[in-house]
Amino acid sequence: MESSGGLAAFRRLGGHVLIALDGSEYFRSGKIACPQCATRRRSNGKVECCHAMLGATLMAPGHNHVVPLPPEFIVPQDGSDKQDCESRAARRWLAAHGAQYARLRPVYLGDDLFVNQPMCEAIQTAGGNFVFTCKPASHTLIQEYITGVDLPTHSVRVKRGREWATHRFRWLAEVPLRDGRDALKVNWFEIEISNTAGDITYRNSFITDLPVDRDTVADLAACGRARWKIENETFNVLKNNGYNLEHSFGHGKQHLAALLVTLNLLAFAFHTICDHGEALWQSGRSKVSSRAQFFNNMVAITSFLIFSGWDELMQTLAFARPPPQPP
């Protein structure tokens, strides 16, 4: 991405890149299990086995592509009696990969689950910053600090299509994340969107360790809201738009399921990089309406014809040259 210049389009907040962290299941069964499975008991009493991972995705608000990064699998950990969870997997991910991405000045995005001091400190130790969703009901101490305070505010009118909306922002700096003298101080901000009738259509609040003021709050809110791209444009694409992430290609006895998911993520990453840096691929993709159809065309044509190389295949898919003659 860097060598092709494609990474520049992902830069936000004065040169940072955004990396969203979130968990997702990719296998579930009431019958098949292995030592790497997590378990849970349903309300009907049945025990279900599943595989899950902590996904990491490079993204940016207003950008229509995302780039998957290495996952961290949520699996039983040696020497621990507790079942593994998304939060612990996220801290392992930072320990394993945070230093590698520190030079990109990453800002990590995540949901309310990550709003705790160990997670925030792990990000800072890894050379990053954070913008996390912060639900009022989950963090009563922060709500106590902002209640009754005359908060700074900023409003912006935004047009989408024919409709106008008003984005109102409030913020407060140096709010303790928890009780105690060692509490990490964070900056809290809120976005509230109302339509022309004055009805509130969206409200959310966030915490960050980046400066929040009138000049930065709108961009920070846009980046915080972009966290949903890991759900909509990563997990949803992988599961429903051509990659079949949840299809049981094979469960195996230990690591096969995780290996197949890794190959799936690598394919998605390669295709995204080709979308940005490979001209022939871009030309071929432009001839069809979806990535899934492009894959179908590639499978169909290579089932019957032999191509001398990548260039000939891509030029044929782009209708820039006739297909080769059958042998």
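The values are calculated or read from the model by the stated rules, or taken from the named source; none is laboratory data. On a predicted model such as this, the values are computed, not experimentally measured, just so you know. We place every Cβ from the backbone using ideal geometry, glycine too, and count neighbours over all the protein chains shown.
Picking from residues in the range 268-287 that are under 25 Å from L58 (Cβ atoms) and loosely packed, with under 15 Cβ neighbours inside 10 Å, the one that is nearest to the chain's Cα centre (by Cα) is F270. The residue that is modelled with the highest pLDDT, among those in the range 174-188 that are closer than 15 Å to V131 by Cβ and out of contact with any Cys (no Cβ under 9 Å at 6 or more places or on another chain), is N187.
Can you tell me how many residues within the range 56-79 are of a type outside the set (A, V, I, L, M), out of contact with any Leu (no Cβ under 7 Å at 6 or more places or on another chain) and under 29 Å from L104 (Cβ atoms)? Matching residues across the range 56-79 total 8.
Somewhere in the range 196-216, is a residue surrounded by 14 or more Cβ atoms within 10 Å (Cβ to Cβ), aromatic (F, W, Y) and in contact with a His (Cβ under 9 Å, 6 or more places away or on another chain)? No - not one qualifying residue is present in the range 196-216.
The residues of the range 229-260 that are charged (D, E, K, R) and part of a helix (DSSP H, G or I), listed by number, are K229, E231, E233, K239.
The condition of being farther than 15 Å from D22 by Cβ and out of contact with any Phe, Trp or Tyr (no Cβ under 8 Å at 6 or more places or on another chain) holds for R103.
Test F249 against the criterion of being over 20 Å from T57 (Cα atoms) and modelled with pLDDT of 95 or more, and give yes or no. When the stated conditions are applied, F249 does not pass them. In the range 197-221, the qualifying residues are those that are in a loop (DSSP other than H, G, I, E, B) and of a type in the set (V, I, T), and the one that is nearest to I142 (Cα to Cα) is V212. Filtering the range 4-35 to residues that are of a type in the set (A, V, I, L, M), without any contact (Cβ under 8 Å) to a residue 40 or more places away in the chain and over 28 Å from F73 (Cα atoms) leaves only A8.
Consider the range 139-167. How many of its residues are among the polar types (S, T, N, Q) and surrounded by 13 or more Cβ atoms within 10 Å (Cβ to Cβ)? Qualifying residue count for the region: 3. The requirement of being assigned by TED's automatic domain parsing to the domain that holds L109, within 15 Å of C120 (Cα to Cα) and touching a Leu at 6+ places or on another chain (Cβ under 7 Å) is not satisfied by T133.
Taken over the range 1-23, the criterion of being out of contact with any Asp or Glu (no Cβ under 7 Å at 6 or more places or on another chain) and in a loop (DSSP other than H, G, I, E, B) is satisfied by M1, E2, S3, S4, G5, R11, G14, G15.
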